[in-house]
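Each remark here refers to the structure printed beneath this line.
What follows draws every value from the coordinates through simple rules; no lab data is involved. What you see is a predicted model, and the numbers here were worked out from it, not measured in a lab. When we count neighbours, we look across all protein chains shown, and the Cβ atoms used for this are built from the backbone with ideal geometry, even at glycine.
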Amino acid sequence: MDPQELLSKTVGQYTGHVNPGLARLMSFAGFGVEVKGEGCYLWDQDGRRYLDCLGGYGVFSLGHRHSKVVEAVKKQLDAMPLSGKTFFCSAQGELAERLARVAPGGLEYTFFSNSGAEACEAALKFARMATGRVKIVSTEGSYHGKTMGGLSATGREKYRKPFEPLVPGVVFVPFGDSEAASHAIDKETACVIVEVIQGEGGVRVPPVGYMRALREACDRSGALLIVDEVQTGLGRTGAMFACEHEAVRPDIMPLAKALGGGVVPIGATMGTKDVWDKVFGVNPLIHTSTFGGNSLACAAGLAALDVIQEEGLIERAKKMGGLMMTALKEMACKHDLVAEVRGRGLLIGVEFAIDEVGELVIAQLVKRGMIAAYTLNNPRVIRIEPPLVISEKQAEWACQTFEEAVAETEELVATLA
Ligand SMILES: Cc1ncc(COP(=O)(O)O)c(C=O)c1O
């Protein structure tokens with residue numbers, strides 16, 4: 001099909017049958033139709049190549065179509081793609097064991113699902129059942145998915161309000177304020193749910209010692225600590241799991257995104273033996289998922305863990321993250337439009353000094369062949385989350401291109417003022 005025909009047909013279909021507002025938003029940003037992905041790049045209908053510095057919000061840590069993951073998935077496809085659910089699934093057992101080996105100590109068990117929201121949903125249910133308590137302490141600006149449970153614990157009114165009444169018993173405290181959290185945690189509290197770095201909240205990094213303080217507050221009151229590593233997990237911040245930066249052991253840890261190796265969707269909720277005994281001890285079918293733990297997803301997960309270790313992607317995230325952070329901070333000093341650059345490893349946020357600038361910068365980036373996006377709960381912040389396999393040359397190009405996009409947006413804003 002002619003490229004322009006493909007684009008207008010797809011935009012028309014989105015407008016008529018998917019989501020008209022989203023179609024407008026994506027068209028404004030200049031996004032086309034994706035037709036191919038390879039490594040750190042994807043291509044649109046015109047054959048234009050883009051450096052993917054969003055990486056599917058953290059999904060493409062291994063890049064697009066990593067050969068080892070594709071090969072493992074193809075092999076599984078030819079044998080048995082989905083689990084029949086009555087027999088044991090060896091890939092599921094294997095992945096659960098491998099995850100237990102790399103996760104922080106004590107997280108020995110895994111429940112598999114298909115997305116980050118499902119992984120958080122299970123985490124909240126497990127915490128309530130394991131403690132027999134109802135109250136959930138979450139943080140302002142947090143993001144834990146858009147299912148009823150995940151949304152109830154998500155710290156942004158805009159997304160919660162239209163669906164109220166939500167799950168009761170959730171209280172929100174400011175992110176990064178361990179004293180406020182300690183005051184909120186009491187003998188009724190089932191769990192605290194928290195991201196180590198708030199991704200959708202605008203790549204917000206809490207003060208050093210925050211996670212440890214939360215761990216101690218939970219221990220004092222018998223509440224469970226859920227560390228949501230859906231976005232930060234599997235090497236993204238320069239550690240296998242971001243909670244390792246403070247040597248904190250969660251009781252429950254939701255994962256998703258990068259675990260599928262950028263090839264098959266998967267969600268996972270890890271937990272301690274104690275939690276598992278209390279949740280599944282009486283009824284092993286108390287929480288289930290038809291597609292969760294399917295053989296294809298688990299084969300992808302196993303290959304993804306291999307690649308992360310074999311290619312030293314944790315070290316790479318640290319090195320490339322440092323390089324990009326330095327370059328972007330230098331850029332920030334030269335441009336008033338940029339208020340702050342922050343993050344850890346290859347989870348980087350650039351905050352602008354005024355609202356609505358993010359969209360303009362993104363359009364400028366797309367024009368130059370680079371993809372990034374703003375964070376869902378904080379549109380002032382553009383997130384840079386490239387594959388961990390990004391090369392030094394690609395990282396330098398990305399920073400330079402970002403500066404050009406900021407400079408042109410600055411000129412545009414000046415003419416409009
Ligand atoms: C920390 C965190 N938790 C949960 C989710 C929800 O994941 P999903 O979109 O796969 O449902 C996200 C998604 O961005 C996330 O960043």
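Please give the helix 357-368 orientation as an angle from the longest Cα principal axis of the chain, in degrees from 0 to 90, rounded to the nearest 10.
Helix 357-368 sits at roughly 70 degrees to that axis.
Relative contact order (percent) for the chain, with alpha-carbon contacts under 8 angstrom and 6 or more residues of separation?
RCO, the chain: 22 percent.
Restricting attention to the alpha-carbon atoms of the range 67-310, what are Rg (one decimal) and Dmax (integer), both in Å?
Computed over the Cα atoms of the range 67-310, radius of gyration and Dmax are 17.3, 55 Å.
Relative to the longest principal Cα axis of the chain, at what angle does helix 20-29 sit, 0 to 90 degrees, rounded to 10?
50
Using the structure shown, list the pairs from K146/K257; K125/K273; K257/K393; K125/K278; K125/K161; K318/K393 with a Cα-Cα distance above 18 Å, or answer none.
On the way: K146/K257 15 Å; K125/K273 16 Å; K257/K393 26 Å; K125/K278 12 Å; K125/K161 22 Å; K318/K393 16 Å.
Those over the limit are K257/K393; K125/K161.
Place a +1 charge on the Cβ of each Lys and Arg in the range 194-253 and a -1 charge on the Cβ of each Asp and Glu, then give the dipole magnitude about the Cα centre in debye, rounded to the nearest 20.
120
Using only the alpha carbon atoms of the chain, find the Kirkwood hydrodynamic radius as the inverse mean reciprocal pair distance, in angstroms to one decimal.
22.1
Using alpha-carbon pairs under 8 Å, 6+ residues apart, how would you state the relative contact order of the range 365-417 in percent?
Contact order relative to length: 30 percent.
Tell me the chymotrypsin sites (Phe, Trp or Tyr not before Pro) within the range 63-153 that lie in a loop according to DSSP and have at most 14 other beta-carbon atoms within 10 Å.
Numbers: sites: F87, F88, Y109, F111, F112, F126, Y143; in loops: F87, F88, Y143.
Passing sites in the range 63-153 are F87, F88.
What are the GluC sites (Glu not before Pro) within the range 281-383 that DSSP puts in a loop, where the Cβ has at most 11 other Cβ atoms within 10 Å?
The qualifying sites are E356.
Lysine pairs in the range 1-121 with alpha-carbon atoms under 26 Å apart, 8 or more places apart or on different chains: how many are there?
For the range 1-121, qualifying lysine pairs total 6.
Please report how far the C-alpha centroid of the range 257-276 lies from that of the range 372-395, rounded to the nearest whole angstrom.
Comparing the Cα centres of the range 257-276 and the range 372-395, I get a distance of 23 Å.
By how many degrees, between 0 and 90 and to the nearest 10, does the Cα long axis of helix 3-13 differ from the longest principal axis of the chain?
The angle comes out near 50 degrees.
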